[in-house]
Amino acid sequence: MTKHIFPTLIIATLLFLQTTNAKVWTVSNKTADKVDFTTVDAAQSSANSGDTLYVLGSGISYGDITITKKLTLIGPGYFLAENSNTQARLSSAKLGSVTISHTAQGAVLMSFEVTGTVIINANDVIIKRNYFYTVANNSTIIIANDANFVSNVIIIQNFIKSAGSSNIDIIYAITNQSANVVISNNFIQRNYSAYYSLHTGNNEGYVICNNIMNGQIYIFDGYVQNNIFRGEVFVYGSNNIVSNNVTDNGQVFVGTGSTDGQWQLKPGSPAIGAGVGGVDCGMFGGDSPYVLSGIPSIPTIYFFNAPLEGGNQLPVQIKIKSNK
């Protein structure tokens, strides 16, 4: 008997999404997996607006993609071997660069490992629980890179690192081309001290809250609250509300554990309860705390065991948990 983990996982996903009429398609570039499609492009061609693409983890990148429809793309998460009770398969779903075109209003990108630039050219987009690691000297996320005005974008619960060495902004918004963007509960790190981690241009309605970050911020008519700044962080611009931010003094984080788990607050941390309304500062605080390994908000199988051979009745052990 061969172990088949993912049909069970697909059933759990379908049960979670059965309240909608949208269809769930499965994608894997591993030939052994029994799925609907082997590429994201092929899945998107057959999918209708509102459908979900569940992309399985693989050691092979799925490459660059362009999202042209209102689709929800879900991967398995990242750092899966570092944290407990994550996934039965410990491979992430890797993407290169991602472009969300203006026809993809309402698209969701969740729980992937992305090594290229994400360009957001559509309204009502959610970028959630992804691991961004740009190795080239390019911005990690660019908002409104075409002639269309973009609004209502949420960038939340992501782990963002830039390995570039030049003066490149990590999150960059084209001037006067966007509004109402929330950047919340992310880890944001740049290796080069100059330029900005967040550059919102002259756009309005940006909310930057409950992040852990270094680098500078350029913002107008926005909110910068409940963040933890690693090192000296300057906020440039005007007409902003900047309050309840904490600077890391070496006594804030636990400092041990997984790549993302080490940024949890240690007992007695000055960031505990220091945010607006008494919430904790940093990515694990507030109403939408960061989720370890970027586990998607669907039921996941984190343990599966079955014998390779046996009779009609085989002892199969499966452990499933729901995720918020």
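Coordinate-derived values only; no laboratory data. Being a predicted model, the structure only gives us computed values, none of them experimental. Cβ sites come from the backbone with ideal geometry, for glycine too, and all protein chains shown count toward neighbours.
Extension gain for Asp124-Leu90 works out to 9.2 nm (0.36 nm per residue, less the C-alpha to C-alpha distance). Restricting the calculation to Cα atoms, segment 175-215 yields a radius of gyration followed by a Dmax of 11.0, 28 Å. A simple spin-label model places pseudo-atoms 7 Å from Cα toward Cβ; at Val254 and Asn176 they are separated by 4.8 nm.
Here the Debye sum runs over all C-alpha atoms of segment 130-290 as equal scatterers in vacuum, and log10 of I(q)/I(0) at q = 0.11, 0.15 Å⁻¹ comes out as -0.40, -0.75. Using C-alpha pairs under 8 Å with a sequence gap of at least 6, the mean separation divided by the residue count of segment 36-109 gives a relative contact order of 36 percent.
Simple spin-label estimate for Lys30 and Asn138 gives 2.7 nm between the two label positions (7 Å along the Cα-to-Cβ direction from each Cα).
Note down the relative contact order for segment 130-290 as a percent, whole number, built from C-alpha pairs under 8 angstrom at least six residues apart.
Once normalised by length, the contact order is 17 percent.
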